[in-house]
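For reference, the structure discussed in these notes is given below.
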Amino acid sequence: MIQDSVWLISVILMAAIAVVFLWVAASAGQEADAEAVQRQAYRVRAGWFWLLVAVIAIATVTTLRALPYPDRGPQAASRVIVRATGAQWAWTIEGPDLVVGKPVEFQVTSADVNHGLCLEYCGLVHHQMITDLVVKPN
Amino acid sequence: MSIPSSVLATGSARDLSTGIYPGVVAYLAIAGVVLLLMMLVGVVLRLAQAEWLPVPPDLFYEMMTAHGAGMVGIAGLAGAGIMWHFLTRHVRLSRGILIANLVSFLAGVAMILAAIFLGGFGGGWTFLYPLPATSGGAWEPGAAALYLGGLLVIGVGFLLFYLDAGRAIIAEYGTLGAALGWPVLFGRLGARLPEPTVVASTMVTIVNTLGLVSGAAVLAVSLINIAVPGFAVDALLAKNMIYFFGHVFINATIYMTVIAVYEILPSYAGREWKASKPFLLGWTASTLLVLIAYPHHLLMDFVMPEWALIVGQVASYTAGLPVLVVTAYGALTLVYRSGIRWDPASALLFLSMFGWAAGIVPAIVDATIMVNLVMHNTMWVPGHFHFYLLLGMAAMVFGFMYFLGHDRETGENVLDRLAVWVFALGGVGFALVFLYAGKEGVPRRWAVHLPEWVAYDQIASLFALAVMAAVLVFAVRFLLRVPRLLAMR
């Protein structure tokens, strides 16, 4: 799952940053000429700056290829339409039975405040706005 | 009025902490108390989710609203205090405006507390239109109006603060562009090099003025909507305005508190931290990127224009660059083999650079549209912002507090050093549990958790208690020094 991948990547990168900070803190006791340190540091910075730019550019291009927005999904004709209406504090789901492997288009709307299928906070009973969707085997 | 940068660069740590204006002491003392209280509220929220403390859901959401609004507000106040303390050495700021901002802040806080704990308002600190006026019978319109009015009063105070800062900067440097160092950046001969404090303050002044105007406008129309329900606002426009304001304001807090790092850490390391062309370029880039990154809060609002959401992702990715390349790396270079003297102030300021830099990683992850599809409004979100606000922004504030009024006779003891370690390790653990729960799909802003999530909440509660114990030491140490700080004038 994508969640596992980004967790792993995040922990590795944060740990790498922690190691750099700990290393610098550990070496802080020995004194060296400030200008020499700065010259060397700026040379190193020029290198990793462009490396970082390259990584960001590649990550941007790669991830933007898989946008989840409606017009990027399967063709409309092949989708099963499910209407989801949020109201404080319940979902009304209307539509045919869902089948494994068949694309679904959720047409989401609200009767009162912001809801969203993605957990928008909607008031004091927000945590009870859950419902079941049954997907039958093909 | 201008103090040559060489005076600051070569000045001792004591030069920077003496002559503190009582208004700044008041800002920081209030910040210490409120941070501690809001952390207590946060701990209660986690204990409730952990099923270790019975808290009714309505009270949970009221406390959640107080925690969010309180933390954002007090971060802004602490940042403003730090910015004022150092900026006033370079430009002529108004003491009256400093106090006016504090008075309006306290008045607004009183209104918000009354709205929440007397009126039962629990619409979340983000007051997402039209939830304040459409509570499902949970609170009266008057409570919502009091909450929104309180935020508006606080926002107007801050707007005055930044308008005064902008006026003073322009009076000294001619234009805001000059204070951002553009003449130096573009190679004008003899151009004046602005000090890091001035550059950072100018950036914050620009973005927060725009953000606060947006926030005030949407608060005003929301108030009208409560009074005249027929006066409807486009919900998507309101959401954009709210998140533009909220995103800019909370980001600006850390761009203000980092001034403490620029000013104080060099005095400990015995080295200079001067503005350079990469520094100026980085801060100009940050000015733009902070303003345009806010759509990353709306990545799952499919009715948004797609281009705006792509801008949100790209700007969020890019916004990390100046922080990592200029500020975090600058701090590492400053400390590396410097013979720095470690004490709670320098340790917390150095820690804050780690917290900010490392916190960027999960922030960027969440701003990725394909990741946001599965992480949106999960615990990953509070995980990333607690990482860089607790271990970054708050560490800067506590470092500044330790720095003020420090001397060897009333210096820190082993308890303070222990508290720094507990804060660092507890803070990392606390934020990582949030992130892990987000990875597991646990939603944020839920008063009641499913049984399979409770273990995360229990572990997080232990870390939260440890962090709060450390902050208790920080806050008490600072409050005990307040009389001496006031006597130092």
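Where a number appears in this text, it was derived from the coordinates with a stated rule and is not lab data. Remember, predicted model here, so these are calculated numbers, not experimental data. Please note: Cβ atoms are built from the backbone with ideal geometry, for glycine as well, and neighbour counts cover all protein chains shown.
A few comments on the model shown:
- Here the contact order of region B:351-489, divided by its residue count and restricted to Cα pairs under 8 Å and six or more residues apart, works out to 32 percent.
- Within the listed set A:ALA90, A:ALA16, A:ALA36, the Gaussian network model of chain A (springs between alpha-carbon atoms below 10 Å) gives the highest mean-square fluctuation for A:ALA16.
- Region B:34-77-region A:3-38 distance, computed between alpha-carbon centres (Å): 33 Å
- Taking only the alpha carbons of region B:361-414, we obtain Rg and Dmax values of 17.6, 56 Å in that order.
- Remark: mean inter-chain Cβ contacts per residue of B:326-337 equal 6, using a 10 Å Cβ-Cβ cutoff to other protein chain atoms.
- Mean residue ellipticity (222 nm) of chain B, computed from DSSP H runs ≥ 4 via -39,500 (n - 2.57), nearest 500: -24000 deg cm²/dmol
- Within 10 Å of the Cβ of each residue in A:31-42, the mean number of Cβ atoms contributed by other protein chains is 4.
- Descending by average beta-carbon neighbour count within 10 Å, the peptides B:414-421, B:210-217 line up as B:210-217, B:414-421, the highest first.
- Taking the convex hull of Cα positions in region A:2-64, its mean projected area over all directions (nm²): 5.4 nm²
- At q = 0.10, 0.16, 0.20, 0.21 Å⁻¹ the log10 of I(q)/I(0) for region B:359-489 amounts to -0.41, -0.82, -1.07, -1.13, computed by Debye summation with a single uniform scatterer per C-alpha, solvent ignored.
- Whole-number percent relative contact order across chain A, with pairs defined as alpha carbons under 8 Å at least 6 apart: 17 percent
- Near B:ALA275, once Lys and Arg are set to +1 and Asp and Glu to -1 for all other residues with Cβ below 12 Å from its Cβ, the sum equals +1.
- All Cα-Cα separations within region B:54-172 were binned at 10 Å from zero, giving a P(r) of 14, 39, 25, 15, 6, 0, each value a whole percent of the pairs.
- Mean partner shielding of peptide A:61-69, defined as the number of other chain Cβ atoms within 10 Å of each residue Cβ, is 5.
- Chain B - percent relative contact order, Cα under 8 Å, separation 6 or more: 19 percent
- Proximal aspartates and glutamates to B:LYS239, defined as alpha-carbon separation beneath 12 angstrom and excluding residues fewer than eight positions away on the same chain: A:GLU120, B:ASP301
- If you bin all the Cα-Cα distances of region B:50-124 at 10 Å, starting from zero, the percentages per bin are 17, 36, 25, 15, 6, 1.
- Between the C-alpha center of region B:96-110 and that of region B:288-349 there is a gap of 29 Å.
- Residues whose amide H falls under 5 Å from that of A:LEU98, counting only those 5 or more places apart or on a different chain, are A:LYS136, with hydrogens built in the peptide plane.
- Relative counts (whole %) of C-alpha pair distances in the protein assembly as shown, using bins that are 10 Å wide: 3, 16, 27, 28, 17, 7, 2, 0
- Summed residue charge, Cβ within 13 Å of B:ALA133's Cβ, Lys/Arg positive, Asp/Glu negative: -2
- P(r) tail for chain A: Cα pairs beyond 19 Å make up 73% of the total.
- Compared with the dominant Cα axis of chain B, that is its longest principal axis, helix B:414-439 is turned about 40°.
- Summed residue charge, Cβ within 15 Å of B:ILE206's Cβ, Lys/Arg positive, Asp/Glu negative: 0
- Looking at the protein assembly as shown alone, DSSP beta bridges between its own residues are antiparallel in about 40 percent of cases.
- Distance between region A:63-138 and region B:374-452 - C-alpha centres, whole angstrom: 34 Å
- Whichever lysines have a C-alpha closer than 27 Å to that of A:LYS102, once near sequence neighbours (fewer than 8 apart) are set aside: A:LYS136, B:LYS439
- Pairs of alpha carbons in chain B whose separation is greater than 30 Å (percent): 44 percent
- Among the chymotrypsin sites (Phe, Trp or Tyr not before Pro) found in region B:202-271, those both in a DSSP coil and sparsely packed, with 16 or fewer other Cβ atoms within 10 Å of their Cβ, are B:PHE231.
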